[in-house]
Amino acid sequence: MSDPFVGEIRLFGGNYAPANWALCDGSLRQISEYETLYTLIGTTYGGDGVSTFGLPSLAGRVPLGQGTGPGLTARSMGQIGGEEQHSLNSAELASHTHGVVAATVAGSLTGPTSDAITATPTGGTAKTSMYVTQGTSTMVPAAMSVAAVKPFGDNQPHENMMPTVCVNYIISLYGIYPTQN
């Protein structure tokens, strides 16, 4: 393998950074010790720019190329985004309806006798006739009232991670200084 560029980032299967490399863990480094690397990345990933600068923090993150493309959002170096879990809000849901099929004639039955919820209560009066005998009427789709549909999900976040395998990202502290085109 060829000598790395200063600042080159690679995947590494070991649980440590090899000599002349550092883990991309967001740690701060002294500018005086790594001046060449500092000239390339500056304080893009943290540090005060006087005595320290930060390495990229790729622990638990997926790298994303900078710039933009047709139909894509512009991204800049060091920008952080995304989340492992997300709670949907109503603005993020696709527009949709909850349909119900209903009869087109007035009801003639007060309710099924074996149903504890809709049957006539003991010693009470019959409820309004709101049921029709099966097959006696044309059934048509109808929209349900928003008040009739209970929200579901309890505002709990859902998993938002693609399948992953963890390895280390490492950055070259020394090497060939890359020239610009």
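Bear in mind that the values in this text are calculations on the coordinates, not laboratory data. In this text the structure is predicted, and so the values were computed from the model without any measurement. As a convention, Cβ positions derive from the backbone with ideal geometry for all residues, glycine included, and neighbour counts pool all protein chains shown.
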Practice task
Quick one: net charge around Ser51, please, counting Lys, Arg +1 and Asp, Glu -1 for every other residue with C-beta under 14 Å from its C-beta.
Solution key: -2
Practice task
Determine, for Leu173, Leu88, Leu37, the number of other Cβ atoms within 10 Å of each Cβ, and report the residues in order from fewest to most.
Solution key: Leu88, Leu173, Leu37
Completion exercise
Cβ density ranking, 10 Å radius, fewest first, applied to Thr52, Thr97 yields Thr97, Thr52
Practice task
Pop a pseudo-label 7 angstrom from the Cα along the beta-carbon direction at both Val62 and Glu8 and give the gap in nm to one decimal.
Solution key: 2.6
Practice task
Could you list Val165, Val100, Val149, Val6 in order of exposure, starting from the residue whose Cβ has the fewest other Cβ atoms within 10 Å?
Solution key: Val165, Val149, Val100, Val6
Practice task
Sticking with the crude label model, points 7 Å out along Cα→Cβ, report the distance from Asn155 to Thr179 in nm, one decimal please.
Solution key: 6.0
Problem - Label-to-label distance, nm, for residues given as Leu93 and Thr43 (7 Å Cα→Cβ offset) - result: 4.5
Problem - Local electrostatic count, Arg61, Cβ distance below 12 Å [Lys/Arg +1, Asp/Glu -1] - result: -3
